[in-house]
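Report on the following structure.
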Amino acid sequence: MSKIKVDPSQEQQAIVEQLSALGIPYQVEKQDDVISNYRKGKKNIHVVPKKGESMDTCATISDKYICCNVKVLKSVSNCPYDCSYCFLQNYLNDGTTKVVGDIKSLMDEVKEKCAAEPDRFFRIGTWELGDSLALEDVLPQARFLIEEFASIPNAVLELKTKSDCVDSILDAAHNHRTVVSWSLNSEYIVDYQEHKTASLPKRLAALKKVTEAGYLVGLHFDPMIIHEGWKEQYKALIEQVIASTNPDQIAWISLGSLRFNPEMKKKIEQNFPASSITHSEMVKGDDGKMRYVKPLRIEMYDVFLSHLKGCLGLDDISPLSPIKKSTPLFYFCMERWDIWQRFFGESPTSIQHLDLLFAQNFYERFGQNIPFPTIENYLSK
Amino acid sequence: METKVCRILDPDVLVDAIRLFKDSAKNYSFQSTVLVKGAFEGNSYSLNGNDHHLLPELTIELSSQEDLIKAYFTHNYVSQLAELDRLYAISLFVKKGYDYSLLNMLLDHVGINYFEGLVEKSMKLIRLDSEVLKFIVSKQFSLKQAFSLCRYDSSFLEWMLNLSFYFHMSSSHFIELSDACYRLSKQSQCDDYNAFFQLECIQDSIASSTNHHFRTSCLREKLLQSLNPVQTQVNKQLKSLASQVSGSMTLNWDKSLENKQIDVTMRLTDDSQCEALSDSLKKSRGIIQSMLDLL
């Protein structure tokens, strides 16, 4: 990172004191100008105050694709990594990497919203507009968030990353209320499409560390991308991942295929001319996003899930089946109901229904002290 | 013929002035009537021209290249041209080695509104092969359309330009077919465009008719089929199944294969046909199930 600026209002925040302690230079300056180039913005970090509402629901565009109703906490914006498929390249108007300094205000909002619906279970992630842990060595937010979530009776924090920056959180008092998740992909995709991220072996080593620290973990095999040798590469990935963690600590596993809107296709081709990810056979779905044509997606999921089930020794992985202690919650991210039916035998009836399934699974497997999830508290909302 | 004096304060700028005015006169048609004569008289430089709008205000003190170029654009009414023409005019200067900041200044000067990536895209665009650039100007591409071509390498665009001679290509055809050809070349891992030209779908399209419009439609269809082999094959199977149902009933489906559903249309001219149609539908269950299995 080349330049860190701190908004004058944030100078006294603990996150900034950490910069001084580490001897990392920064300037105290108000930044009003917008960096429109998102790549240039990656090299300019700005510690900013919280503005407006920061907790929201992960975007759902079409009811034909099932989403999981996870909440997102906007604690960072932009990311030091440079994945070819990243939607931020077509999303951010201001590419400046922003880190909210006043994390306490973020948590005040989280606590207020969770307290307003005490009978619901909230999954709250910090990864919508950036990586949850990538900047942790410079501007640590995670430890504070983890320890704050530990005492919220009806919420769990999800930190999702492509980094290996976990050392600073290993001894945090998490109380099993934080799920440390990885976005995982085949070694080929990590090496050629996920630029500047931690290598696969480094991510797996970090996964092992947080597992040993007693954290719950999440595995996101998303976006799955067709490439030469993809079948063997994804099978190898599954084996390496399972060997790096304890299946009983896996809270959830998601699968999703490469998707982007048509405008982003052009951005990918301009920003990553050597990338071939836009060249496959794709169709525009009802949510306006381009995806692999469905028979190709089915083939991918079939190869992947068959091997994953074998490695985990599971026959039934449907999130609608009776919950077993050893079975993580499996779900598709932004997939159609018929894909769910094909692989799980049935599908949630709505986004709220899937939210309920998450709560029930977490309650049965890890959280006797979270509110008992009832249909009324989810499906009537 | 009028003569005006342009006082140049910096001798280096004077040399540039002569070169730039000569080049622009040679390369850009709206300047073709201007005669440029170089004559050193101290710091003065005289221009002779019969183009009335060039000359009236040309007596101006110039102390930098930027001033000179700004004067050039101002006096040639560049800001009144279409955006792409303005960019093309700029290209005549920037191609000669002027830098990013100069381009930024010129874009602003000729009134092309700034948006993200404009300068980068403009740099790429104006460095395209001059034949390609002439083509996109002559086909009246919008600036957005022209910029969309910047993601291709120059050899591909030159190849597309050659291909376009066999077909009828408006700007939107060119954009669409460039995208399709580029994807197909990447899918087939063919970087040798001469070999790519020999591809069956291209050769068949060229041979399909003497009519350029028909050839273009043919190329579009064949490229789509080649780019979407899975959809093409599954839709073929679905079509074959759908053709087996009774004539008074038609089965339709989402050709993108995303929606798993069959739409049934029945044609009735009398309510007495209800029973027969109901029987037909029942008899078609197997076919409908086979179709749903494919979706």
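The values are calculated or read from the model by the stated rules, or taken from the named source; none is laboratory data. Please read these numbers as outputs of a predicted model, since none were measured by experiment. A quick note on method: Cβ atoms are made from the backbone with ideal geometry, for glycine too, and the neighbour counts reach across all protein chains shown. The area values use the complete protein model at the heavy-atom level, side chains included, leaving out ligands, DNA and RNA. Shrake-Rupley method; radii C 1.70, N 1.55, O 1.52, S 1.80 Å.
Extending 7 Å from the Cα toward the beta-carbon at both A:Ser168 and B:Asp271 defines two label points whose distance is 7.7 nm.
Based on protein heavy atoms only, the range B:242-294 ends up with 63 Å² per residue of surface accessible to a 1.4 Å probe. Here chain A is treated with +1 on each Lys and Arg Cβ and -1 on each Asp and Glu Cβ, and its dipole about the Cα centre works out to around 520 debye.
Each label was represented as a point 7 Å from its Cα along the Cα-to-Cβ direction; for B:Met249 and A:Asp316 these points are 3.6 nm apart.
Got a number for carbon plus sulfur as a percent of the range A:3-379's accessible area, 1.4 Å probe? Here it works out to 49 percent. Work out, in µm²/s and without decimals, the Stokes-Einstein translational diffusion coefficient of the range A:168-228 at 4 °C, 1.567 mPa s, Rh from Kirkwood over C-alpha pairs. Stokes-Einstein gives a translational diffusion coefficient of 102 µm²/s.
Given a cut-off of 19 Å, name the pairs among A:Lys284/B:Lys255; A:Lys267/A:Lys294; A:Lys43/A:Lys98; A:Lys266/A:Lys289; A:Lys162/A:Lys324; A:Lys265/B:Lys186 whose C-alpha atoms lie farther apart than that in the structure shown. Each step should come with its number before you reach the end.
On the way: A:Lys284/B:Lys255 11 Å; A:Lys267/A:Lys294 24 Å; A:Lys43/A:Lys98 11 Å; A:Lys266/A:Lys289 13 Å; A:Lys162/A:Lys324 29 Å; A:Lys265/B:Lys186 15 Å.
From the list (A:Lys284/B:Lys255; A:Lys267/A:Lys294; A:Lys43/A:Lys98; A:Lys266/A:Lys289; A:Lys162/A:Lys324; A:Lys265/B:Lys186), the Cα-Cα distance tops 19 Å for A:Lys267/A:Lys294; A:Lys162/A:Lys324.
Entry note, the range B:242-294: relative contact order of 37 percent, from Cα contacts under 8 Å with a spacing of 6+ residues. Taken over the Cα atoms of the range A:3-379, the convex hull encloses 129 Å³ per residue. Counting only lysines at least 8 places from A:Lys71 when in the same chain, those with an alpha carbon closer than 16 Å to its own are A:Lys111, A:Lys113, A:Lys160, A:Lys381.
Per the Debye formula on identical point scatterers at the alpha carbon atoms of the range B:242-294, with no solvent, log10 I(q)/I(0) at q = 0.16, 0.25 Å⁻¹ is -0.48, -0.98. In order along the range A:340-345, the phi-based Karplus estimate (6.51 cos²θ - 1.76 cosθ + 1.60, θ = phi - 60°) of 3J(HN,Hα) comes to 4, 4, 5, 9, 10, x Hz; Gly and Pro are listed as x.
Here B:Val264 and A:Glu346 are evaluated by their C-beta separation; at R0 = 30 Å the FRET efficiency comes out at 0.75.
Summing Lys and Arg as +1 and Asp and Glu as -1 over all other residues whose Cβ lies under 12 Å from the Cβ of A:Asn44 gives a net charge of +4. Under 5 Å from the amide H of A:Ile250 lie the amide H atoms of A:Val217, each residue being 5 or more positions distant or on a separate chain, with H modelled from the backbone and absent for Pro and chain starts.
Across peptide B:254-263, the mean count of Cβ atoms from other chains lying within 10 Å of each residue's own Cβ comes to 4. A 1.4 Å probe over all protein chains sorts A:Tyr85, A:Tyr234 by accessible area into A:Tyr85, A:Tyr234, starting with the largest. Between A:Gln240 and A:Ala213, take the C-beta separation as r, use R0 = 22 Å, and let me know the FRET efficiency to the nearest 0.05. Step by step, r from the Cβ atoms, then E = 0.65. Using only the Cα atoms of the range B:131-174, build the gyration tensor, take square roots of its eigenvalues as a ≥ b ≥ c, and label the shape rounded, prolate or oblate: rounded if a/c is under 1.5, else prolate if a/b is larger than b/c, else oblate. It comes out oblate by the Cα gyration axes.
Where does the charge balance sit around A:Glu136 when Lys and Arg score +1, Asp and Glu -1, over other residues with C-beta under 12 Å from its C-beta? Don't jump to the answer; show the numbers that get you there.
Details: positive: A:Arg143; negative: A:Asp131, A:Asp137, A:Asp164, A:Asp167.
Taking every Cβ under 12 Å from that of A:Glu136, the sum is -3.
Left without a cysteine partner by the 4.7 Å Cβ rule in chain A: A:Cys58, A:Cys67, A:Cys68, A:Cys79, A:Cys114, A:Cys165, A:Cys311, A:Cys333. A 1.4 Å probe, protein heavy atoms only, puts the accessible area of A:Cys165 near 20 Å². Taken across both chains, chains A and B shield about 2200 Å² of accessible surface from a 1.4 Å probe. Compared with the direct C-alpha span, the chain from B:Gln203 to B:Asp279 gains 22.5 nm at full extension, assuming 0.36 nm per residue. In terms of overall dimensions, the range A:14-133 has a Cα radius of gyration and Dmax of 16.0, 51 angstrom.
Net charge around B:Gln273, counting only other residues with Cβ within less than 14 Å of its Cβ (Lys, Arg = +1; Asp, Glu = -1)? Before the final figure, lay out the partial values.
Details: positive: B:Arg267; negative: B:Asp270, B:Asp271, B:Glu275, B:Asp279.
Charge balance in the 14 Å sphere: -3.
The 1.4 Å probe gives accessible areas that order A:Lys266, A:Lys71, largest first, as A:Lys266, A:Lys71.
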